[in-house]
């Protein structure tokens, strides 16, 4: 198999790098004018205004209602705290370092799953039977 990267592959890789990096640049610019908490509130508010109507139209909100406390806890731990920390870090650290820190978030999720007893959900599924 040829492992050479095509021009298209390099273009897509470069595009991904730019797309991945732009939010951190914009956060860096935004924290000059807004507090980290205001920035997170604005970002998540806009996302909620866009995504909640879509979820409602698809009927995906009703199954979550009985679990609203768990959803709120998840949103706090996985969205609110990291984004406030990231925005705050942008006031003191470089955008590249904060980008690397946010890239570690999946490791945090794996750690949480591994320490809460839900180990069967990490890694390949065991054969049934």
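The values are calculated or read from the model by the stated rules, or taken from the named source; none is laboratory data. Bear in mind that the values here come from a model prediction, so they are computed numbers and not experimental data. Counting neighbours? That spans all protein chains shown, and the Cβs are built from the backbone with ideal geometry, glycine included.
Filtered by the rule that a residue be at pLDDT 90 or above, surrounded by 11 or more Cβ atoms within 10 Å (Cβ to Cβ) and part of a helix (DSSP H, G or I), region 54-70 gives 55, 56, 67. Of the candidates 94, 38, the single residue that is on the phi < 0 side of the Ramachandran plot, at pLDDT 85 or above, surrounded by 11 or more Cβ atoms within 10 Å (Cβ to Cβ) and over 16 Å from the mean Cα position of the chain (by Cα) is 38. From the list 75, 110, 80, the lone residue that is at pLDDT below 75, surrounded by 10 or more Cβ atoms within 10 Å (Cβ to Cβ), under 20 Å from the mean Cα position of the chain (by Cα) and part of a helix (DSSP H, G or I) is 110.
Residues that are touching a residue at least 60 places away in the same chain (Cβ under 8 Å) and either in contact with a helix residue (DSSP H, G or I) (Cβ under 6 Å, 6 or more places away or on another chain) or surrounded by fewer than 12 Cβ atoms within 10 Å (Cβ to Cβ) (or both) within region 1-24 comprise just one, 24.
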